[in-house]
Structure formats: structure tokens, C-alpha cells
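Some notes on the structure that comes next.
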Amino acid sequence: MNGKLIESKSNPFYKKLKKIYSSSSFRKNQNQTILDGPHLIKSFFLHSVPVLVIKDLNIVSPEIDSLISNLDCPCYSLSHELFLQLSELKSSTGILALVDIPKVKPSKSEGLILLLDGIQDPGNLGSILRTAKATNTKSIIMSKTCADLWSPKTLRGSQGVQFTLECFDEQNLNEWILNYEHDVIALATNGDSLFKTNLNSNMAILVGNEGNGISKSLLKNITRTISLPMHKEVESINVGAAVSAFMYEHYRQSHAD
């Protein structure tokens with residue numbers, strides 16, 4: 001059950017795992033990422049089998065042992081100390097998995113499309129993705145300046161919904177907007193009230209960077225701008241909260257009886 005033991009942080013394979021965990025460019029080069037914890041691994045296993053799993057020798061868990069048996073893939077073991085050095089978390093989840101990043105095939109652009117321009121925080125990105133899944137948002141189109149879609153931090157924030165969403169990273173949003181056949185609405189300040197806007201079932205919503213908002217070059221080709229009504233003493237809210245409010249309003253209008 002414990003598999004092959006890695007005993008030193010100087011082990012070449014351990015170094016590779018650590019680099020995949022911590023480096024966005026290396027993840028993209030290898031087309032692999034690391035899932036931290038049983039929940040993410042189970043979510044991935046619904047669609048594919050991990051390349052391998054890594055077990056913390058100090059964690060005794062029937063759930064993890066059962067999961068490893070069901071996965072039927074190679075298993076490596078680490079001491080508790082090496083496991084914590086590999087993971088970013090303060091406490092051990094007991095299990096990691098090395099997985100190939102899924103390839104996504106574009107489908108017809110129907111329903112709500114979410115355009116993300118430079119979302120920097122992996123926690124914000126993960127939260128947005130999770131809400132997108134909950135509101136049946138069809139596709140996520142991300143600019144080249146967005147946080148890494150497949151980083152462990154983003155995966156924890158999203159709870160692995162990337163496995164079931166159409167997510168396209170490192171995209172040219174200007175080009176995408178010009179080729180899109182439906183309305184593109186920007187979510188920004190000084191726009192029409194979200195709650196007084198009729199939202200089409202087929203449309204795209206453009207959301208900008210946490211600090212600087214939407215790139216000016218993108219605004220020239222949008223249909224209109226909408227905003228969230230807020231109390232007069234509040235100037236802005238977190239981008240994840242703002243886009244979640246929009247997605248739920250779109251979902252409410254699209255599913256009205």
C-alpha cells in the first residue's frame with residue numbers, strides 16, 4: 001500500500017514533483033499538475049486516472065488507503081517532513097496525486113461565457129470557477145495575464161471544477177470578442193444597474209483585474225457596461241463576489257418560471 005519510498009529531498013523525482021507543485025511555467029512545460037488531498041483526487045478520478053499518487057507515511061487513514069487501492073496507479077511514499085515540504089499546506093492532507101492536465105475541446109458558444117482579463121489571485125480565480133459551475137456557465141475564457149488555472153492554489157479554491165468546465169487559458173481576448181456572435185457585456189463601474197438589465201441567455205460577460213479593472217483595449221468592442229448597485233459608503237467589492245452576483249442573476253433570469 002505504501003509503495004516506493006522516497007527518502008531524500010535530493011531525490012531527482014522528488015525535485016521534479018516540487019517544481020511541478022511550485023512553478024507555473026514548469027507545469028505548463030510538463031503538462032502536469034499536482035492535486036492535494038482526497039477530495040480533489042476523487043473529483044479527478046471521475047474523469048481520468050492519475051499518473052501516480054504520493055502518500056504521507058505518518059497519516060493513517062482508511063479513506064486514503066481505499067482510494068489508493070481503487071486508483072490502481074503507481075504509489076510513492078514520503079516521510080511526513082518531506083510531504084509537508086512538497087505541499088504548500090501547513091498540515092498534511094495525507095495524499096497527493098500527479099496528473100496530466102486535461103485537454104479541452106471547444107464546443108458551440110451557447111449560454112453564458114465568462115471572459116477573465118488578468119485575474120491575479122488564485123483564490124479569486126478558484127472561487128469564480130466554482131460559482132461558474134454552480135450557475136451552469138458554459139465556458140471560461142482567460143487572458144494570458146490570469147493566474148494559473150492549474151496551480152494547486154487555484155485547484156483548492158475551485159474544488160477541482162476545472163475537470164468539468166470548458167476552461168481556455170492564455171487566450172487573446174480582443175480576438176475572441178471580435179469573433180463572438182452575441183453580446184459582450186463588461187462588468188465595471190458607472191454602468192447600468194445589473195438588476196435593471198435583461199440578460200440574454202447567450203452572452204459573454206467581461207471581468208477585469210482586481211486592481212486595474214478591464215484593459216482599455218477590450219472596452220472598445222463591448223456591447224454595454226453594467227454595474228452592481230452598492231451602498232453609498234462602499235466604492236467596490238471583491239471581483240470574485242461581483243462576478244458571482246452577476247452569474248447568479250443571469251442564472252435566475254435564465255431559469256425563471
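Computed from the coordinates by the stated procedures, all read-outs in this text should not be read as laboratory data. Just so we're clear, the structure is a prediction, and the values are computed from it rather than from any experiment. Because the Cβ atoms are built from the backbone with ideal geometry, glycine has one as well, and the counts that use them run over all protein chains shown.
Key figures for this structure:
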{"item": "For region 112-254: rounded, prolate or oblate by the Cα gyration tensor [a/c cutoff 1.5]", "result": "rounded"}
{"item": "Percent antiparallel among DSSP beta bridges (both partners in region 177-257, rounded to 5)", "result": "10 percent"}
{"item": "Top positive-direction residue, dipole computed over region 103-217 with Cβ charges, set TYR180, LEU206, ALA134", "result": "ALA134"}
{"item": "Cα long-axis angle, helix 239-254 against the chain (0 to 90 degrees, to the nearest 10)", "result": "70 degrees"}
{"item": "Relative contact order computed over the chain (Cα-Cα under 8 Å; 6+ residues apart), in percent", "result": "18 percent"}
{"item": "GluC sites (Glu not before Pro) lying in DSSP loop within region 163-257, provided at most 16 other Cβ fall within 10 Å", "result": "GLU181, GLU210, GLU233, GLU235"}
{"item": "Crossing angle, helix 122-134 versus the chain [Cα axis fit, 0-90 degrees, rounded to tens]", "result": "70 degrees"}
{"item": "Trypsin sites (Lys or Arg not before Pro) within region 142-176: DSSP coil, no more than 14 neighbouring Cβ in 10 Å", "result": "LYS144"}
{"item": "Mean ellipticity per residue at 222 nm, deg cm²/dmol - from DSSP H runs of n ≥ 4 across the chain, formula -39500 (n - 2.57)", "result": "-10000 deg cm²/dmol"}
{"item": "Kirkwood Rh (inverse of mean 1/r, distinct Cα pairs), region 4-100, angstrom", "result": "13.4 Å"}
{"item": "Rg/Rg_ref, region 47-134, where Rg_ref = 2.2 N^0.38 Å and atoms are Cα", "result": "1.43"}
{"item": "Likely footprinting exposure, SER22, SER143, fewest C-beta neighbours within 10 Å first", "result": "SER22, SER143"}
{"item": "With 10 Å bins from 0: P(r) over the chain, alpha-carbon pairs, percent", "result": "7, 29, 29, 19, 12, 4, 0"}
{"item": "Helix 12-22 vs. the chain, principal-axis angle (Cα, 0 to 90°, nearest 10)", "result": "20 degrees"}
